[in-house]
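Contents: one structure, followed by commentary.
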Amino acid sequence: MKRTLAVLLCLCALLTGCTPMLERSYASETPHVQFSDESQNASILRAETYQGLVSALLHLVGQGEEDGVIRLYQYVSVSGSAASDVDQACLEVTQEDPLGAYAVDYIKYDVGQTAAYYEVTVKLAYTKTPQEIAQVVSVTGTSAIAQELQGQLAFLPRQAVFRVSYFTREDSAESIRQAVLEAYGQQTLRLPPLEEVQVNLYPDSGQQRVVEILLTWGIQEEFF
């Protein structure tokens, strides 16, 4: 009996000693998601804030979607009504966001309401094709444009489009045009004459912009 009791006390001591090892505290971080796919339907998005609504619209633009549904759960309006928020978000996407200003013609929407959520049905019309949207290259600043073009000019592109995340006061359509000409002049390959360089900025102002560069090449037969 004494031996049995001693064994039990030893086991209790071992279990007590293991407790701090088993009860390790840990922390996990999950990224804040502005919107998410609703169930398994990729065309239905879920958002809970105004910024989430904007992000969902931009997601549709980035994918080149012409139709989409956004469900707003536990939504608190920033302007007084969900419909006003949707109108404001559509204007922000088409006029202020670089990709939206570059690629979207207009967005039509309809706002319905259920007991659980607002349902926003949108139709998007584009000025660019899905392929053109997918070919937009993201760069930090305008100085990276010349570096990117160094490898592209050899293929005689008619167009190059960049999304610039930091546009300074010194940057302009003309300064970018000069950078393109410098990149052309530094080419080691013999290329046809670069007759015209047109630079368009979307939107007209702002720290983030899309830079569209249109290149007109001379006739190769004349060059060679």
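Data for the structure
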item	result
Neighbour-limited loop hits for trypsin sites (Lys or Arg not before Pro), region 118-224 (at most 14 other Cβ within 10 Å; DSSP other than H, G, I, E, B)	158, 169, 190
Under-5 Å amide H pairs with residue 45, H placed in peptide plane, nonlocal only	38, 69, 70, 71
In sequence order, calculated HN-Hα J values of region 196-209 (Karplus, 6.51, -1.76, 1.60; Hz; x Gly/Pro)	8, 10, 10, 10, 10, 10, 10, x, 5, 9, x, 6, 10, 8
Sorted peptide list for 60-69, 129-138, criterion being average Cβ within 10 angstrom, highest first	60-69, 129-138
Size of charge dipole - region 72-216 - debye, nearest 20, with Cβ of Lys, Arg +1 and Asp, Glu -1, no other charges	360 debye
Karplus-derived HN-Hα couplings along region 53-63 (A = 6.51, B = -1.76, C = 1.60, θ = phi - 60°), whole Hz, x at Gly and Pro	4, 4, 4, 5, 4, 5, 4, 4, 5, x, 8
Given charges at beta-carbon only (K, R positive; D, E negative), |dipole| of region 151-222 in Debye	280 debye
Lys, Arg +1 and Asp, Glu -1 on Cβ, resulting dipole of region 52-154 about Cα centre, debye, nearest 20	100 debye
Using θ = phi - 60° and Karplus 6.51 cos²θ - 1.76 cosθ + 1.60, couplings along region 170-181 (whole Hz; Gly, Pro as x)	6, 6, 7, 4, 6, 5, 5, 4, 5, 5, 5, 5
Theoretical gain in end-to-end length, residue 186 to residue 108 [0.36 nm per residue, Cα-Cα removed]	23.4 nm
Region 76-126: radius of gyration and largest Cα-Cα distance (Dmax), Å	11.9, 37
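Quick note: the coordinates plus some simple rules give every number you see, no bench work behind them. None of these values were measured; they are calculated from a predicted model. Note that we place each Cβ from the backbone using ideal geometry, even for glycine, and neighbour counts take in every protein chain shown.
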